[in-house]
Amino acid sequence: MIRIALTGGIASGKSAVAALFEARGVPVVDSDVIAREIVQPGRPALEAIRRRFGDRVLQSDGSLDRRALREQVFADPAARRDLEAIVHPLIRSAMAERSAAVGGPYQINVIPLLVEGGRRATLDRVLVVDCPEALQIERVMQRDQVTEAEARAILAAQVSRSERLAAADD
């Protein structure tokens with residue numbers, strides 16, 4: 001089986017490209033989907049996040065307050081590393097399980113932070129989705145209802161476009 005990593009910066013169009021592959025019957029395993037699943041109420045990742053970041057990252061119904069958590073982790077690199085230490089091993093494990101389960105001659109593994117996480121060696125090819133930074137900022141602001149400064153902070157926490165493009169096979 002050939003495993004193709006689909007990556008790109010935030011709001012670059014990864015989901016749209018993944019949907020095109022999926023519409024053509026290509027198996028897609030998406031780490032963003034898994035990341036949302038592992039922090040659902042009652043899941044161990046949510047409790048670990050609560051212990052590290054406090055109750056202020058929970059909504060009144062006990063679910064994760066993504067905005068409150070985002071504000072903390074993009075303001076503090078150590079906090080971001082702590083969050084990654086909690087969720088990344090769980091995401092990697094679930095990705096491996098789902099990848100094996102969906103099979104196929106090839107599949108798309110959507111991994112937004114592929115370059116940052118150094119996981120290139122576990123995949124056969126890297127497909128990078130790219131767009132101008134100004135468009136990313138516009139999309140993030142609209143999608144996540146954040147300020148331009150917050151959108152820029154999120155982009156600054158990721159590797160540069162040039163680094164990501166240098167990692168691309170396609």
Would you call residue 115 touching a Gly at 6+ places or on another chain (Cβ under 8 Å) and either more than 27 Å from residue 42 (Cα to Cα) or open to solvent by 40 Å² or more (accessible area, probe 1.4 Å) (or both)? no
Options 45, 23, 35: the member that is loosely packed, with under 13 Cβ neighbours inside 10 Å and among the small types (Gly, Ala, Ser): 23
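Is it the case that residue 64 is closer than 30 Å to residue 20 by Cβ, surrounded by fewer than 17 Cβ atoms within 10 Å (Cβ to Cβ), at pLDDT 95 or above and of a type in the set (A, V, I, L, M)?
Values: closer than 30 Å to residue 20 by Cβ: yes; surrounded by fewer than 17 Cβ atoms within 10 Å (Cβ to Cβ): no; at pLDDT 95 or above: yes; of a type in the set (A, V, I, L, M): yes.
Spelling it out, it is not the case that residue 64 is closer than 30 Å to residue 20 by Cβ, surrounded by fewer than 17 Cβ atoms within 10 Å (Cβ to Cβ), at pLDDT 95 or above and of a type in the set (A, V, I, L, M).
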Collect the residues in the range 158-170 that are in contact with a strand residue (DSSP E or B) (Cβ under 7 Å, 6 or more places away or on another chain) and either β-branched (Val, Ile, Thr) or outside any helix (DSSP H, G or I) (or both), keeping them in residue-number order. 167, 168, 169, 170
Taking the range 124-157, which residues are open to solvent by less than 30 Å² (accessible area, probe 1.4 Å) and of a type in the set (S, T, N, Q)? 136
Cβ-Cβ below 6 Å, separation at least six or inter-chain, first residue in the range 80-109 and open to solvent by 60 Å² or more (accessible area, probe 1.4 Å), second among the β-branched types (Val, Ile, Thr): which pairs? 90/38; 98/29; 106/2
How many residues, within the range 14-60, are modelled with pLDDT of 95 or more and not in a helix (DSSP H, G or I)? 14
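The values are calculated or read from the model by the stated rules, or taken from the named source; none is laboratory data. The structure displayed is predicted, hence computed values, not measured ones. As a convention, Cβ positions derive from the backbone with ideal geometry for all residues, glycine included, and neighbour counts pool all protein chains shown. Quick note on the areas: whole protein, heavy atoms, side chains included, nothing else; ligands and nucleic acids left out. Shrake-Rupley method; radii C 1.70, N 1.55, O 1.52, S 1.80 Å.
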